[in-house]
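Beneath this line is the structure, given in structure tokens, with notes to follow.
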Amino acid sequence: MNPNPSTFLAILLLLSGCGPSPREDDAYTTHPATGVIRELPSDGKSVVIRHDEIPGVMPKMTMALNVRDPGSLTGFREGDEVRFRLHIGTNEHWIDSIQWVGHNVDTDSAKTFSRPGDELKPGDPMPDFDWRGEEGQIRRLAEHRGSSVALTFIFTRCPLPEFCPRMTRNFSEARQLLLDRDTKSTNWLLLSLSFDPDFDTPSVLKHYAEASRGTNADHWTFGALASNTVSRLAPALDLRVVPDGGGFSHNLRTVVIDSEGRIHRQFDGNRWTPAQLADALIEAIHQP
């Protein structure tokens, strides 16, 4: 699959709420899909499926997909081939109509960037690294010593609203909270970094950035990490990124770095709020 940047930009606009508001009867889209069950979490609220390409939505990859009815997973096991429907709304996704097709012992496994190692903790120095920015320039984290920095890891083709699009929305809202505050603390930065450098070229990142924040880049920049940089940072930050069929299976990791270049706070998953991130950035400026 050769995704068109315009297609993914349109999906981003819909999922981020930056595009035209959907009609009440058009609040989500539904897509038929097929795949192989890779994991069945015990809570029954999600299922990990290595799905085939969903045309116009995303390439073949492995994703943890939400299930509204836990009972719909009864009787399924890892390795089952299934058909299902994927619903994508403005703020959430879910699957239903899960049907058994067959059983497939799939031994194909993608190489993960994450590997066992000592995860960095608050107070530890953040390793320096570089990235290619949305304007095409090479930047380094060390350039921002003296400021607090919040960085999160995304890829622009990620279509599910609770994953990368939510990180982007949260950054947008946190930035607005900080810009609206009556504070003299202006030495802070939001940094959204893609782990998909082959697709997320500076021009793609520029379009994605402008769809997310408009043309005002104040305190928020986008960039792409080289694959060897991701492989170096991943174990230190408990970031799990698996190249998979043209896309990526990944977790969500957001890190706040203080003005001395140390880790101040780490946010796992997507349960944190923009207000929590804004508070952590201000705290990190003045961290002793």
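To keep it simple, each residue is scored yes or no on (1) within 21 Å of Val241 (Cα to Cα); (2) surrounded by 13 or more Cβ atoms within 10 Å (Cβ to Cβ).
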position: Thr29; (1), (2): no, yes
position: Gly35; (1), (2): yes, yes
position: Glu39; (1), (2): yes, no
position: Ser46; (1), (2): yes, yes
position: Pro55; (1), (2): no, no
position: Ala64; (1), (2): yes, yes
position: Arg68; (1), (2): no, no
position: Gly75; (1), (2): no, no
position: Asp80; (1), (2): no, yes
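In the condition set (1) assigned to a loop (DSSP other than H, G, I, E, B); (2) under 14 Å from the mean Cα position of the chain (by Cα), Leu191 is compliant with all but (1).
Inclusion of Arg157 among residues that are of a type in the set (Lys, Arg) and either in the same structural domain as Gly89 (by TED's automatic domain parsing) or over 28 Å from Met58 (Cα atoms) (or both) is not warranted. When region 171-221 is filtered for residues that are of a type in the set (Val, Ile, Thr) and at pLDDT 95 or above, the ones remaining, listed by number, are Thr201, Val204, Thr221.
Check whether at least one residue in region 102-116 is under 21 Å from the mean Cα position of the chain (by Cα), at pLDDT 95 or above and crowded, with 17+ Cβ neighbours inside 10 Å, and report yes or no. No: zero hits. Suppose the filter is under 23 Å from Arg145 (Cα atoms) and surrounded by fewer than 21 Cβ atoms within 10 Å (Cβ to Cβ); does Leu177 pass it? In short, yes.
Every residue, every condition in (1) hydroxyl-bearing (Ser, Thr, Tyr); (2) in the same structural domain as Arg181 (by TED's automatic domain parsing); (3) not in a strand (DSSP E or B), yes or no:
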| residue | (1), (2), (3) |
| --- | --- |
| Tyr208 | yes, yes, yes |
| Phe222 | no, yes, no |
| Val230 | no, yes, yes |
| Pro235 | no, yes, yes |
| Val242 | no, yes, no |
| Val255 | no, yes, no |
| Glu260 | no, yes, yes |
| Arg265 | no, yes, no |
| Ala278 | no, yes, yes |
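Scanning region 246-268 for residues that are crowded, with 19+ Cβ neighbours inside 10 Å and modelled with pLDDT under 90 yields Gly247, Phe248, Ser249, His250.
The set of residues in region 146-165 that are surrounded by 13 or more Cβ atoms within 10 Å (Cβ to Cβ) and either modelled with pLDDT under 95 or part of a loop (DSSP other than H, G, I, E, B) (or both) comprises Ser147, Phe155, Thr156, Arg157, Cys158, Pro159, Leu160, Pro161, Glu162, Phe163, Cys164, Pro165. The combined condition, being in contact (Cβ under 8 Å) with a residue 12 or more places away in the chain, in contact with a strand residue (DSSP E or B) (Cβ under 8 Å, 6 or more places away or on another chain) and in the same structural domain as Gly146 (by TED's automatic domain parsing), is not fulfilled by Asp218. Applying the condition of being under 12 Å from Phe195 (Cα atoms) and of a type outside the set (A, V, I, L, M, F, W, C) to region 218-231 and asking which residue is surrounded by the fewest Cβ atoms within 10 Å (Cβ to Cβ) yields Asn228.
Picking from residues in region 26-66 that are assigned to a strand (DSSP E or B) and of a type in the set (Gly, Ala, Ser), the one that is farthest from Pro161 (Cα to Cα) is Gly35. Screening region 132-143 for residues that are free of Cβ contacts under 8 Å to residues at least 60 places away in the same chain and under 20 Å from Arg232 (Cα atoms) and picking the one that is surrounded by the fewest Cβ atoms within 10 Å (Cβ to Cβ) gives Ile138.
For region 180-189, what are the residues that are farther than 14 Å from Trp131 by Cβ and either touching an Asp or Glu at 6+ places or on another chain (Cβ under 7 Å) or surrounded by fewer than 22 Cβ atoms within 10 Å (Cβ to Cβ) (or both)? Answer for region 180-189, where residues must be farther than 14 Å from Trp131 by Cβ and either touching an Asp or Glu at 6+ places or on another chain (Cβ under 7 Å) or surrounded by fewer than 22 Cβ atoms within 10 Å (Cβ to Cβ) (or both): Asp180, Arg181, Asp182, Thr183, Lys184, Ser185, Thr186, Asn187.
The values are calculated or read from the model by the stated rules, or taken from the named source; none is laboratory data. Not measured: the values here are computed from a predicted model. Virtual Cβ from ideal backbone geometry, glycine too; neighbours counted across all protein chains shown.
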